[in-house]
1. Give the relative contact order (percent, whole number) for the chain; include only Cα pairs under 8 Å separated by 6+ residues.
2. Mean 1/r over all different Cα pairs, inverted: what Kirkwood radius does region 135-178 give, in Å?
3. Given the options Ser223, Ser309, Ser20, state which has the largest fluctuation in a GNM of the chain using a 10 Å cut-off (strictly under) for Cα springs.
4. Placing +1 on the Cβ of each Lys and Arg and -1 on the Cβ of each Asp and Glu in region 218-289, which of Phe228, Met246, Ala218 has its Cα farthest towards the positive end of the resulting dipole?
5. Per q in 0.09 1/Å, what log10 I(q)/I(0) does a Debye calculation on the alpha-carbon atoms of the chain return?
6. Give the whole-number value, in cubic angstrom per residue, of the convex hull volume spanned by the C-alpha atoms of region 104-202.
7. With no solvent and one point per C-alpha, what does the Debye sum give as log10 I(q)/I(0) for region 227-359 at q = 0.14, 0.15, 0.17 Å⁻¹?
8. Under a point-charge model restricted to the Cβ atoms of Lys and Arg (+1) and Asp and Glu (-1), what is the dipole moment magnitude of the chain relative to its Cα centre, in debye to the nearest 20?
Amino acid sequence: MVTTMNSNISADDSNIDLISFVARFLREKGAVLESENQRITALLPEDLSAALNVDEEILLVQNQEKMAKPEEKNVFAIQFQTPFLDTIVSMAGAKPPFLQADLTFNYIKTQGFENLIREQFEFHKSKIRVTGTAGVNTRYLLLECTYLAESDEQKKGFANFSLNLDTGAMVPGMSDMLVTAEKQYHTDKTRGCSKQEIKTIHELVKTHGLEAIEPEVAAFKESMNRRFRRDGASLETYYHALENEMKESLERTGLSQKVVEEREAKIAMIPDELAAKQKDLLNKYAIRISFTPAAALAITTPCVKVFVSLVSGRQRKDISMIYNPVTKRIDPVVCSSCGASTYSMGPDENMALCCINCL
């Protein structure tokens with residue numbers, strides 16, 4: 001049986017917050033806690049004690065010097081900058097939080113979709129006509145990621161992505177507009193993403209991530225490129241000067257044939273040495289960007305499926321689009337070739353919708 005912490009513990013707010021955090025973490029991992037006189041005895045499951053590298057029974061205190069007895073072992077103070085707390089914080093943050101919510105709206109648009117589509121989309125060598133609508137529920141995933149841009153220096157930051165899980169479209173601006181929507185969060189067991197959905201999310205972040213953070217990393221990229229150009233120019237100047245100096249030395253009189261051949265061989269090697277140094281310089285200033293999930297919110301919302309007839313010459317194809325009540329816009333269409341989310345598209349010879357790049 002799990003016992004709750006003593007609510008009468010007298011300590012400053014920061015200590016109470018730390019102890020509450022550690023207690024919640026241990027209980028969620030299956031530990032049994034008992035508190036008495038501002039001290040907590042914790043009985044840990046075998047896997048948790050192994051992960052924390054402690055015994056299965058430990059004693060938690062606010063201040064080890066004041067509250068622990070000399071003969072007591074396995075005593076851990078819940079204080080900042082202690083290895084025990086650092087390990088718990090790392091474990092607690094290892095799995096990004098996943099929330100799920102349903103959205104409700106007092107009003108959702110029911111007409112005018114053809115004009116809205118014409119305003120948002122550009123159709124190449126084709127025309128569209130709305131043939132009907134239907135109210136449906138659609139699932140979206142709002143994913144908050146941390147990014148790390150690495151080169152000769154590093155830059156860290158956050159990026160968010162909004163993804164329609166049913167169509168695979170990336171929906172710009174949805175995260176910012178979600179604030180005003182009425183949400184009901186699930187308190188029971190949430191539905192996660194399938195393996196295929198996770199794979200799709202990974203590919204979409206990989207494809208669209210750089211574009212999403214371009215404003216944040218533009219100055220960083222320009223700084224690395226500027227330093228690359230500066231060091232590259234210095235490198236070329238040095239090797240060109242070295243080559244000229246060695247060529248001039250061959251004009252001296254009295255040089256033996258062996259010395260001349262050795263210097264000519266060294267001169268011949270200069271372009272390869274310069275190329276190798278330039279490659280090292282490129283690797284030094286190359287920019288590598290990685291994304292790590294920090295939090296995710298899966299939402300289910302009512303929306304409108306808009307049925308559209310796409311006509312190109314004598315060919316015709318029926319497609320559907322999603323009206324998003326959060327953004328009050330039509331979600332982008334996914335290119336059937338590269339998977340990009342786009343507002344500019346056209347049909348290929350088989351009437352498959354493709355983005356302009358693929359066309």
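Values in this text are rule-based calculations from the coordinates and carry no lab data. Since we're looking at a predicted model, the values are computed, not measured. Using ideal geometry, Cβ is built from the backbone for each residue, glycine included, and neighbour counts are taken over all protein chains shown.
1. Details: 535 pairs, mean separation 77.7, N = 359.
In percent, rounded to a whole number, it is 22.
2. Values: mean 1/r = 0.0819 Å⁻¹.
That comes to 12.2 Å for region 135-178.
3. Of Ser223, Ser309, Ser20, the most mobile in the Gaussian network model is Ser20.
4. Going by the charge dipole, the pick is Ala218.
5. -0.80
6. On the way: hull volume 20.5 nm³, N = 99.
Normalising the Cα hull of region 104-202 by residue number yields 207 Å³.
7. The computed values of log10 I(q)/I(0) come out as -0.84, -0.89, -1.00.
8. Numbers: 42 positive and 49 negative charges, 333 e Å.
The calculation lands at about 1600 debye.
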